[in-house]
Amino acid sequence: MNQSQIHIPTLSKVNKIILIVMVALFVLSSILKASGGIGLVSYLGLSPAMFFSGHIYEIATYPFIASGIFDVLFNGLLLWFIGSELESQWGATRYIAFLVTSTIGAGIIYLLVSTLFLSGSGLFGYPLYGMHGAGSALCLAYAVLYPDRIFTFMLIFPMRAKYFCMILVGMLLFNGFFTPGKVLAWGHLGAMAFGYGWMHLIASPKWKKFTSDHDKKVKMRSKSKANLRIVKDDDEKPPKYWQ
């Protein structure tokens with residue numbers, strides 16, 4: 001397939017489950033907020049004040065919480081268009097590992113930056129929530145693997161994935177330095193950094209045993225289906241990432 005063509009993958013199983021959970025929690029949170037004035041973001045979002053008070057479960061629950069329909073729609077489209085493509089290439093196990101690594105990484109950076117710079121302010125209790133960090137990591141992974149495929153920026157401007165990712169990083173850096181919600185931007189950048197690190201980590205020799213079983217299954221698939229392969233340099237150096 002020509003990488004310059006717009007590619008729309010089938011919604012994969014893992015992303016379908018994530019979307020169902022996101023929508024269900026969003027609906028439940030909306031009902032609770034309409035009836036009692038308190039949504040699930042306050043309880044399941046990652047708040048530094050709550051986390052360090054013993055609510056450590058929040059680092060696992062915060063990605064599934066959304067505060068508005070736009071969050072559900074935007075993150076859902078990222079999971080569908082980008083996440084499903086990556087899951088088909090990596091397999092469900094690696095894809096889940098990538099999501100877990102990036103979301104936990106975003107949470108760690110968010111907690112770290114909040115503790116270092118916001119511990120004496122009201123923002124220390126502000127929660128991180130949603131799949132924005134994981135979505136940013138997915139965009140980075142997609143740009144690394146398919147740099148010349150076309151994104152439609154803001155649903156209007158077509159551009160290559162690598163340029164879209166550059167703009168995304170630039171926007172996050174700007175928000176991280178110059179906007180009131182700067183700590184959220186650093187959390188999203190943390191997700192991208194951890195996701196990028198994961199892509200290189202799995203190509204190291206110690207992961208060969210972890211990946212060997214899946215590689216055997218992939219080789220048995222039809223050539224018409226998406227196959228997993230290791231991208232290698234010409235001089236036979238270790239692969240940089242899975243594709």
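The values are calculated or read from the model by the stated rules, or taken from the named source; none is laboratory data. Just so it is clear, the structure is predicted and the values come from calculations on it, not from any experiment. All Cβ positions, even for glycine, are placed from backbone atoms using ideal geometry, and neighbour counts span all protein chains on display. All accessible areas refer to the heavy atoms of the entire protein, side chains included, with ligands and DNA or RNA removed. Shrake-Rupley method; radii C 1.70, N 1.55, O 1.52, S 1.80 Å.
Descriptive notes on the structure:
- Where labels lie 7 Å past Cα in the beta-carbon direction, separation of LEU32 and ALA60 in nm: 1.7 nm
- Sequence of LYS162, LYS16, LYS33 when ordered by accessible area, the most exposed leading, probe 1.4 angstrom: LYS33, LYS16, LYS162
- Simple spin-label estimate for HIS200 and PHE52 in nanometres, 7 Å along Cα-Cβ: 3.1 nm
- Within segment 20-76, the chymotrypsin sites (Phe, Trp or Tyr not before Pro) that combine a DSSP coil assignment with at most 16 other C-beta atoms in a 10 angstrom radius are PHE52, TYR57.
- Nonpolar atom fraction for segment 20-137, defined as the carbon and sulfur part of the 1.4 Å probe accessible area, stands at 77 percent.
- Prolate/oblate/rounded label for segment 24-103 (Cα gyration tensor, a/c 1.5): oblate
- Between ASP148 and PHE174, full extension at 0.36 nm per residue minus the direct alpha carbon distance yields a gain of 6.9 nm.
- Projected label distance in nm at LYS16 and SER119, using a 7 Å step from Cα toward the beta-carbon: 4.7 nm
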